[in-house]
1. Of all residues in segment 137-162, which are polar (S, T, N, Q), in a helix (DSSP H, G or I) and under 16 Å from Thr87 (Cβ atoms)?
2. Just wondering, is there one or more residues in segment 247-264 that are assigned to a strand (DSSP E or B) and either more than 22 Å from Asp105 (Cβ to Cβ) or at pLDDT 75 or above (or both)?
3. For segment 98-108, what are the residues that are assigned to a helix (DSSP H, G or I) and crowded, with 20+ Cβ neighbours inside 10 Å?
4. I'd like to check something: does segment 305-317 contain any residue that is assigned to a loop (DSSP other than H, G, I, E, B) and modelled with pLDDT under 80?
5. Counting just the residues of segment 1-34 that are β-branched (Val, Ile, Thr) and either in contact with a helix residue (DSSP H, G or I) (Cβ under 7 Å, 6 or more places away or on another chain) or touching a residue at least 24 places away in the same chain (Cβ under 8 Å) (or both), which one comes out farthest from Tyr97 (Cα to Cα)?
6. State yes or no: is Ala235 within 18 Å of Asn110 (Cα to Cα), under 19 Å from the mean Cα position of the chain (by Cα) and at pLDDT 80 or above?
7. Taking the stated definitions as given, is Val219 out of contact with any Lys or Arg (no Cβ under 6 Å at 6 or more places or on another chain), at pLDDT below 90 and buried (at least 20 other Cβ atoms within 10 Å of the Cβ)?
8. For the structure I just gave you, tell me whether Ser17 is among the hydroxyl-bearing types (Ser, Thr, Tyr), assigned by TED's automatic domain parsing to the domain that holds Glu95 and surrounded by 16 or more Cβ atoms within 10 Å (Cβ to Cβ).
Amino acid sequence: MTNSISERAQSFAKFMSNLPAEEIARVNELHRKEAVEQHNQFKAAFRTGKCSFCGDLLSAFDPAKPCRHWLLKPVGVRKEHIEQIATQFSWSILENYSRWVANEDSFARNVNDLDDESTGKLLELTIKYKDLAWSFSCGESDLSGHEGGGEHSKRPHWHFQMYADGKPFVRYNDYHLPLSEADAGFLEFMRANPGKVHRRLAGGTGVKELLHESTLDHVVAMGRSGTTDDDAESAPIKLDTFVIAEPGKTIRGADIYNLIEQARAEGVTVTSKMRELKDVSVQTFVSPGPGVVQQAPRSGRKRRGDPQLRAQDRAWREQQKRE
């Protein structure tokens with residue numbers, strides 16, 4: 001069975017690689033429209049305390065009705081119930097649901113899917129909602145199946161971690177969770193096309209999408225970072241802007257002051273207003289904001305909040321990737 005899933009996943013990856021770009025775009029748009037509709041239904045139900053998938057209250061737990069809202073840990077849910085839904089729904093469905101939930105609390109910053117804060121696995125991200133944190137992981141050896149973890153490890157699988165109130169509820173090494181055929185195929189496609197697959201999940205925006213080259217100019221130009229003087233500590237991205245006068249020109253302090261005041265009045269970033277200055281060059285450096293949830297890699301090493309320590313941690317991850 002393991003070989004057949006792996007073989008079908010590889011066939012799917014080859015099929016996707018040979019599709020014309022126009023056809024991929026057409027299919028993606030169809031899926032995106034469907035996802036937008038589902039997300040709208042989710043939001044409407046979630047904000048009234050109900051689940052759009054099973055119809056029950058988010059606080060309800062019925063062992064006879066496995067549902068993705070069990071990730072919210074309603075009373076009665078135990079770790080074996082998380083294994084049950086992770087096996088039944090597989091990775092992508094639960095990740096997508098977790099992203100939707102996280103963005104109900106705060107846009108993007110609670111979804112850390114940044115590559116440079118990972119250890120180089122195919123799938124590696126952490127998502128937070130209130131006192132809950134979910135982490136997803138799948139390396140190349142997991143996708144292929146490997147020895148050393150019993151029969152379950154020999155098939156294509158993924159790993160899941162869940163924390164509640166800062167304490168482990170499900171650990172990465174508790175289970176080798178089977179990948180659905182569709183999920184295995186998509187991950188195989190990612191493995192076959194490293195760095196070329198850009199995931200955009202309707203309603204599930206994470207920090208990686210905010211920093212992607214396809215959206216970065218818009219974020220900077222429009223000031224859509226969520227960064228203001230009042231919420232800088234919780235912003236999903238950090239903007240550092242350098243303004244340099246052209247040779248023979250000067251920058252009036254009053255002009256900069258006026259732009260700062262305009263930015264506050266309009267509720268946009270100062271960076272977006274700096275582009276209105278004349279006879280200057282403007283450079284903006286974008287990085288993850290201090291409010292971004294920390295990634296919890298399977299290595300056990302945790303990223304820390306201090307910028308210098310974070311830089312050291314990223315250097316360590318780069319070394320892990322090379323090894």
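1. Applying the first criterion (polar (S, T, N, Q)) to segment 137-162 yields 137, 141, 144, 153, 161.
Narrowing further to those that are in a helix (DSSP H, G or I): 141, 144, 153.
Residue satisfying the conditions is Ser153 alone.
2. No: segment 247-264 contains no residue that is assigned to a strand (DSSP E or B) and either more than 22 Å from Asp105 (Cβ to Cβ) or at pLDDT 75 or above (or both).
3. Within segment 98-108, Ser98, Arg99, Trp100, Val101, Ala102, Asn103 meet the criteria.
4. At the first step, the residues of segment 305-317 found to be assigned to a loop (DSSP other than H, G, I, E, B) are 305-306.
After this cut, where a residue has to be modelled with pLDDT under 80 as well, the list is 305-306.
Looking through segment 305-317, at least one residue is assigned to a loop (DSSP other than H, G, I, E, B) and modelled with pLDDT under 80.
5. Let us first name the residues in segment 1-34 that are β-branched (Val, Ile, Thr), namely 2, 5, 24, 27.
This time we only want the ones that are either in contact with a helix residue (DSSP H, G or I) (Cβ under 7 Å, 6 or more places away or on another chain) or touching a residue at least 24 places away in the same chain (Cβ under 8 Å) (or both), so: 2, 5.
On the way: Thr2: 27, Ile5: 25 Å.
The extreme case among them is Thr2.
6. Criteria not met by Ala235.
7. Yes; evaluated as a whole, the condition is true for this residue.
8. Details: among the hydroxyl-bearing types (Ser, Thr, Tyr): yes; assigned by TED's automatic domain parsing to the domain that holds Glu95: yes; surrounded by 16 or more Cβ atoms within 10 Å (Cβ to Cβ): no.
Answer is no for this residue.
The values are calculated or read from the model by the stated rules, or taken from the named source; none is laboratory data. Quick caveat: nothing in here was measured; it's all calculated off a predicted structure. Using ideal geometry, Cβ is built from the backbone for each residue, glycine included, and neighbour counts are taken over all protein chains shown.
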